[in-house]
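Here the structure is laid out as structure tokens; the discussion comes afterwards.
Since every read-out is calculated from the coordinates, none of them should be taken as a lab result. All of these numbers come straight from a predicted model, not from anything done at the bench. Positions of Cβ are generated from backbone atoms using ideal geometry, with glycine treated the same way; all protein chains shown enter the neighbour counts.
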Amino acid sequence: MAAKVVVVGGGIGGLAAAYRLRTLHPDAEITIIESARELGGKLRTMQLAGAAVDVGAEAFVTRNPTAIKLVEELGLTENLVHPVLSAATVHAAGRTVALPKRTFLGLPVSADEVRSVLSADGTAKVAAERDLPPLRVDADPDAPDVSVGQVIGERFGRELVDRLVEPLLGGVYAGRADMLGLRATMAPLVGKEQTLTEAVGKVLGPPRQGSQPPVFGALRGGMAKLVDELAKRSAARIRLGLPARALTRTERGWRLEIGSAAAPEFLDADAVILAVPAPSARKLLEHEVPQASAAYGQIEVASMAVVSLALPPDTVLPQSSGVLLAVGERHADGTPFTAKAFTFTSRKWGNAEGEPVQLRASVGRYGEAEALQRDDDQLAAAVVSDLWELTGVDVAPVERTVTRWGGGLPQYGVGHTSAVAAILDSVDKMPGLAVAGATLRGVGIPAVIDSAHTAASAIGAYLTSRSGEISAPSGLVGD
């Protein structure tokens, strides 16, 4: 009898895990349970003014080659695209300037790199960091972490935090620098006794000569192509609109309660992969793996929204791929900006002549729920006002859409690495159970795929070890 595996979560983590497991165990019966009505999680493609636009994650970094390799493996290479313009900007102290290039999440290799963004005093503070005593932060995930905002503020000055570090981290985590952990978000900089300036220099290496390899990749036609191909190649049974309510250990494996509380169904499996946000994982593991559940409970989540706009074809956007907004920036009349960043999609990825001009804005950070309490019309109007203030573009959108991501972005706080270590340690001790997803060791697409592959490999090895034991039929049973 074929082994039965249930993957809880139909985002990129769950789909990549199901696909990888299929390559390891071609005969396994794999079922994907997803609470939403569609697959993809934070990978979602919509039609806007006749074009396919991503309203969740729009790209992946190429520094980690995992996503590129998966795209190639799935035969989607012909859809792979890279930015045609990668000159981003930042709006700080009322001015929009080029985003410094030789930085690691806003930390520069030298003060000269950030002189255009900071004041003279701020630049001097950055220059003085290399003369400070070495930073000592233990790389051990169980050791205490430190706040990004606190450490960077003390060593480089608060200006650098507010004008560069937080805008960049906010784009990744929708978080605040004072609450994010240095080891959790900037791991390559810790573990050695050196100044942060020295550490950044080693991470970035010497300046490269000639043309640079692309930093980002995306798929022509949207990330839905990756979602659809993974679902197809996983050959999994897909069940949508069914929340997972409880997970219990049985004599031969696991039993998952799914569906409504009034009419639950029970799905028996030899193994389970959980690829869900922290709050859902906490609930599912509460009884069988309480240590992991408690650790998931320590991880906060943030909400944000993406406002996608299609402007008339003759609209002229700035010659940049987008603009980040520093902390505390305001309109000329003193009104705070609503958006935390704009991506000028048509500039970044290219746009056919005569087509509407596409762009998107990100709204919301951890602890800033009031920005998201406005309805879609109000939110879109505020973003259009921001665009005019920043660029002078004053046109009504041809079409717009607002996509809200409630509680979907894990916060990599000062306790994150120890929480993840506790999760993985506890789950690894439970036969036939694995976890994956953005909560663990990176929120980007490649990092999530890495976690999915690790989970699938663990379950694949477990099924192989039990190949002689798996025999009795199991499946959906009644209440």
Next item on the list: Tabulate in residue order the Karplus-calculated ³J(HN,Hα) for the stretch 83-90, using 6.51 cos²θ - 1.76 cosθ + 1.60 with θ = phi - 60°, rounded to whole Hz; enter x for Gly and Pro.
Entry: x, 8, 9, 10, 8, 7, 10, 9
Next item on the list: Filter the trypsin sites (Lys or Arg not before Pro) in the stretch 1-69 down to the DSSP loop ones having no more than 14 other Cβ atoms within 10 Å, then list what survives.
Entry: 37, 63
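Grab the DSSP H runs of the chain that are 4 residues or longer, score each as -39,500 (n - 2.57), total them, divide by all residues and round the 222 nm result to the nearest 500 deg cm²/dmol.
Helix-only estimate at 222 nm: -8500 deg cm²/dmol.
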Margin query: Along each principal axis of its Cα atoms, how long is the chain end to end? Whole angstroms, biggest number first, please.
Written below: 72, 56, 45
Check: Using θ = phi - 60° and the Karplus curve 6.51 cos²θ - 1.76 cosθ + 1.60, what whole-Hz ³J(HN,Hα) does each residue of the stretch 189-206 get, with Gly and Pro shown as x?
Finding: 8, 10, x, 10, 7, 7, 6, 5, 4, 5, 5, 4, x, 6, 5, 7, x, x
Notebook entry, point to check: Leaving out same-chain residues fewer than 8 places away, which lysines sit with a Cα under 30 Å from that of residue 192?
Noted result: 101, 125, 202
Next item on the list: Would you please give the residues with an amide H less than 5 Å from that of residue 116, counting only those at least 5 places away or on a separate chain, with H modeled from the backbone geometry?
Entry: none
Check: Which value, in debye to the nearest 20, gives the size of the charge dipole of the stretch 301-409 about its Cα centre, when Lys and Arg are +1 and Asp and Glu are -1 at the Cβ?
Finding: 420
Notebook entry, point to check: For 211, 110, what's the fewest-to-most ordering of other Cβ within 10 Å of each Cβ?
Noted result: 211, 110
Margin query: For residue 340, what residues show an amide H to amide H distance below 5 Å, using hydrogens built from the backbone and excluding near sequence neighbours?
Written below: 362, 363, 364
Margin query: What are the ³J(HN,Hα) couplings of the stretch 453-469, residue after residue, when phi is run through the Karplus curve with 6.51, -1.76, 1.60 and θ = phi - 60°? Round to Hz, x for glycine and proline.
Written below: 5, 5, 5, 5, 5, 5, 5, x, 5, 5, 5, 5, 5, 9, 4, x, 9
Next item on the list: Quick one: pull the percentage of alpha-carbon pairs in the stretch 301-409 with a separation above 24 Å.
Entry: 21
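Report, to one decimal in Å, the Kirkwood hydrodynamic radius for the stretch 102-204 based on all distinct Cα pairs.
Every distinct Cα pair counted, the radius reaches 13.4 Å.
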Notebook entry, point to check: For the chain, with only Lys/Arg (+1) and Asp/Glu (-1) charged at the beta-carbon, what is the dipole magnitude about the Cα centre, in debye rounded to 20?
Noted result: 660
Next item on the list: Output the relative contact order of the stretch 301-409, whole-number percent, from Cα pairs under 8 angstrom with separation of 6+ residues.
Entry: 46
Check: Which part of the stretch 404-438 falls in the paramagnetic zone of residue 294, meaning amide N under 18 Å from the point 7 Å along Cα-to-beta-carbon?
Finding: 415-430
Next item on the list: For the chain, calculate the relative contact order in percent as a whole number, restricting contacts to Cα pairs under 8 Å that are 6 or more residues apart.
Entry: 25
Next item on the list: Only loop residues by DSSP count here, and only those with at most 13 other Cβ atoms within 10 Å; note down the GluC sites (Glu not before Pro) in the stretch 309-403 that meet that.
Entry: 353
Check: Which FRET efficiency, nearest 0.05, do residue 430 and residue 375 yield, Cβ-Cβ r, R0 41 Å?
Finding: 0.40
Checklist line | At most 12 other Cβ within 10 Å, DSSP loop - trypsin sites (Lys or Arg not before Pro), the stretch 163-245 | finding: 208
Item checked: Furthest towards positive pole of dipole, 345, 203, 415, structure part the chain, Cβ charges -> 203
